[in-house]
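Participant: Here's a structure for you.
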Amino acid sequence: MSERAAKITPADSEEEADDQITDSAAPDAATEVDEDADTTSAPTPVTTGAESVVRALENAGVEYAFGVQGGAIMPVYDALYDSDITHVTMAHEQGASHAADAYGIVSGEPGVCLATSGPGATNLVTGIADADMDSDPMVALTGQVPTEFVGNDAFQETDTTGVTTPVTKDNTFSSDPDRVGSDVSEAFALAREGRPGPTLVDLPKDVTKAETDREPDAPKTPDTYHVQERADSEIVADAAERIENADRPVMLLGGGVIKGEASEACREFAIEHEIPVITTMPGIGSFPEDHELSMEMAGMHGTGYANMAITHCDTMLAIGTRFDDRLTGGIETFAPDAEVIHVDIDPAEISKNIHADYPLVGDAETVVGQLSEAVETSPAAKKWRVQCQQWKSDYSMAYDAPEDRPVQPEFVVEALDEATADDTIVTTGVGQHQMWACQYWTYTEPRTWVSSHGLGTMGYGLPAAIGARLAADDDQDVVCIDGDGSFLMTLQGLSVAVRENLDITVAVLNNEYIGMVRQWQDAFFEGRHSASNYNWMPEFDKLAEAFGAAGFRIDEYDDVADTIEEALDYDGPSVIDVHIDPQANVYPMVPSGGDNGQFALEDDHL
């Protein structure tokens, strides 16, 4: 096993816009002209609801939007025609929502997706629900039939706000052309403030076509929306004392650490006080996995040593995690000896699944700063750190790669990692390939791991790579590690990647199964492979070439290094069809609802 190595411009008020127009048209002769002043002309006044919608996006600093045209959203697209916002036409609305989601993950600013009414809007729902489960910032704009037809079962009518209420942070049916732009501005602010999430504005066609001269308000949250930044000082003091007196402390870093820009603060705290660090799957990248304090990911397919540390710790500082079932296994066996310090910006998450002995509601970076000031002495935990290192040795992630077996997927993931820089962004679909990408790639930086966690959406990887590519720095690589089943669900996105000439590399770990389902069927359903064996797959390398991408194929170990290098060097989208061992399984594994300390390392352990 190899070593694992916006600009926000406030919108002008209506009065300010009028003043600018007046001043530029007829300056006061008595006013002295400043020759060094900015002479940029005021923006063209809005004349329709659609133009106000686009102005709101421009004022929020939006650079890219992902969507698919259609009848009810057409006025908004017509207004986009004159905008500097780059619209990326996707091959399917689900792909638009995943691309916007990934854009938000990588950039930290809400990604924007658009769709028309009816099926356009409902096709966005999977991606919206995905963003909701993972607290990713996204703004969805959906066309709607004219207001006079709403409720009449008109052509392509769907109750979009009703459908999406359970999976959005906020949604709005915008019924006033004078207000529609401000509705979009507010949705943008809500998507990114506090605990991020998806918001939606439903846009009836008559509202976006209607005349208005109203400039949208600046992006801001409603006066009734409050976010607690600092935790209670008395509880912070008590938690600090608990940390100081801990014998077996761990830090558990969730996705909220990355979203709250708290990765650096958490790294400094852990290193200063020499506390072993575990991450959830959404928290991957919040702490460098090549650091000796890193225990890497815990949970159902987490490392054995991370799960042992959770099981035997006496103090857990958990930051930005919702303690979902794939992390905890059985609630009654999760960290049974630990006093839990839970930091989260959302009070609803405190003690929802795991009881918090020290509830610290607040912004992750701010609260970690409070703890840093309050903790005066590091815990005396040298023996504990030695024990954690011993578990790393005892439950190594080493694997066999016999020459008489097909290529092992772990080998391919490690080869991709070795061939790319530390800041490479990895996207995935969902299934076995996702777990191998977690386990055998070394993540050292936040916002480099982009995947579907809570919803577990197959097909996420390719459209996510499109969004990630546009959000990433030009010199960053973007690699999508996908499975054959996931890739089949959204591979039409290759047409987008080719048309936009996006430099992404897709490695399809092809085992001709829905691999995770097959693994569970072998473990828990007596090997009865019902609807999990494809028996036949298209040649993905040839299919890529038909789309206009570069196609490659790997069948042998000797093919791996050179093929990966060639695919990465290709300036544009490339697809590697990697034929892996169809019987390869993901281990360690904790059965659903099981004890994290009783993980299986091979089939016979289940």
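The values are calculated or read from the model by the stated rules, or taken from the named source; none is laboratory data. Being a predicted model, the structure only gives us computed values, none of them experimental. Neighbour counts are summed over all protein chains in view; Cβ atoms, including those assigned to glycine, are modelled from backbone coordinates with ideal geometry.
Participant: Wholly within the range 351-418, which helices (runs of 4 or more DSSP H) include no fewer than the required count, namely at least 1 residues that are among the basic types (K, R)?
Facilitator: Result: 382-394.
Participant: What's the number of the only condition in (1) in contact with a helix residue (DSSP H, G or I) (Cβ under 7 Å, 6 or more places away or on another chain); (2) surrounded by fewer than 24 Cβ atoms within 10 Å (Cβ to Cβ) that L488 fails to meet?
Facilitator: (1)
Participant: Continuing with this model, one more query. State which residue is surrounded by the most Cβ atoms within 10 Å (Cβ to Cβ) when the search covers only the range 566-582 and only residues that are closer than 12 Å to Q408 by Cβ and touching a helix residue (DSSP H, G or I) at 6+ places or on another chain (Cβ under 9 Å).
Facilitator: Across the range 566-582, the extreme among qualifying residues is V578.
Participant: Within the range 304-330, which residues are in contact with a His (Cβ under 9 Å, 6 or more places away or on another chain) and surrounded by fewer than 22 Cβ atoms within 10 Å (Cβ to Cβ)?
Facilitator: The answer is D324, R326.
Participant: May I pose another question? Of all residues in the range 528-559, how many are loosely packed, with under 12 Cβ neighbours inside 10 Å and under 14 Å from H579 (Cβ atoms)?
Facilitator: 3
Participant: Take the residues in the range 80-117 that are in contact with a Ser or Thr (Cβ under 6 Å, 6 or more places away or on another chain) and of a type outside the set (S, T, N, Q); name whichever of them is nearest to Y64 (Cα to Cα).
Facilitator: C113
Participant: Considering each residue of the range 437-458, count those that are within 22 Å of V277 (Cα to Cα) and out of contact with any His (no Cβ under 9 Å at 6 or more places or on another chain), and give that number.
Facilitator: 14
Participant: Then there's this: Can you pull out every residue in the range 391-403 that is surrounded by 15 or more Cβ atoms within 10 Å (Cβ to Cβ) and hydroxyl-bearing (S, T, Y)?
Facilitator: Correct list: Y395, Y399.
Participant: I've got another one for you. Collect the residues in the range 374-424 that are acidic (D, E) and at pLDDT 95 or above, keeping them in residue-number order.
Facilitator: Within the range 374-424, E376, D394, E410, E414, D417, E418, D422, D423 qualify.
Participant: Residue pairs, Cβ under 8 Å, 6 or more apart or interchain, first in the range 458-475 and in the same structural domain as D134 (by TED's automatic domain parsing) and farther than 13 Å from G95 by Cβ, second of a type in the set (V, I, T) and at pLDDT 95 or above. List them.
Facilitator: The qualifying pairs do not exist here.
Matching residues to (1) over 30 Å from R326 (Cβ atoms); (2) assigned to a loop (DSSP other than H, G, I, E, B); (3) in the same structural domain as D325 (by TED's automatic domain parsing):
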{"site": "R528", "(1), (2), (3)": "no, yes, no"}
{"site": "W536", "(1), (2), (3)": "yes, yes, no"}
{"site": "D541", "(1), (2), (3)": "yes, no, no"}
{"site": "D559", "(1), (2), (3)": "yes, no, no"}
{"site": "L568", "(1), (2), (3)": "yes, no, no"}
{"site": "D571", "(1), (2), (3)": "yes, yes, no"}
{"site": "V575", "(1), (2), (3)": "no, no, no"}
{"site": "D595", "(1), (2), (3)": "no, yes, no"}
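Participant: Given the conditions (1) over 22 Å from A419 (Cα atoms); (2) touching a Leu at 6+ places or on another chain (Cβ under 8 Å); (3) β-branched (V, I, T), which single one is not true for V498?
Facilitator: V498 satisfies all of (1) over 22 Å from A419 (Cα atoms); (2) touching a Leu at 6+ places or on another chain (Cβ under 8 Å); (3) β-branched (V, I, T) except (2).
Participant: Ok, one more. Can you name the condition, by its number, that L141 falls short on among (1) buried (at least 24 other Cβ atoms within 10 Å of the Cβ); (2) within 24 Å of T212 (Cα to Cα); (3) in contact with a Ser or Thr (Cβ under 7 Å, 6 or more places away or on another chain)?
Facilitator: Every condition holds for L141 apart from (3).
Yes/no per residue for (1) buried (at least 20 other Cβ atoms within 10 Å of the Cβ); (2) touching a Leu at 6+ places or on another chain (Cβ under 9 Å); (3) within 30 Å of I576 (Cα to Cα); (4) of a type outside the set (D, E):
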position	(1), (2), (3), (4)
Q389	no, no, no, yes
R405	no, no, yes, yes
V413	yes, yes, yes, yes
L416	yes, yes, yes, yes
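Participant: Can you name every residue in the range 165-207 that is in a helix (DSSP H, G or I) and touching a helix residue (DSSP H, G or I) at 6+ places or on another chain (Cβ under 6 Å)?
Facilitator: Within the range 165-207, V167, V180, G181, V184, S185, D206, V207 qualify.
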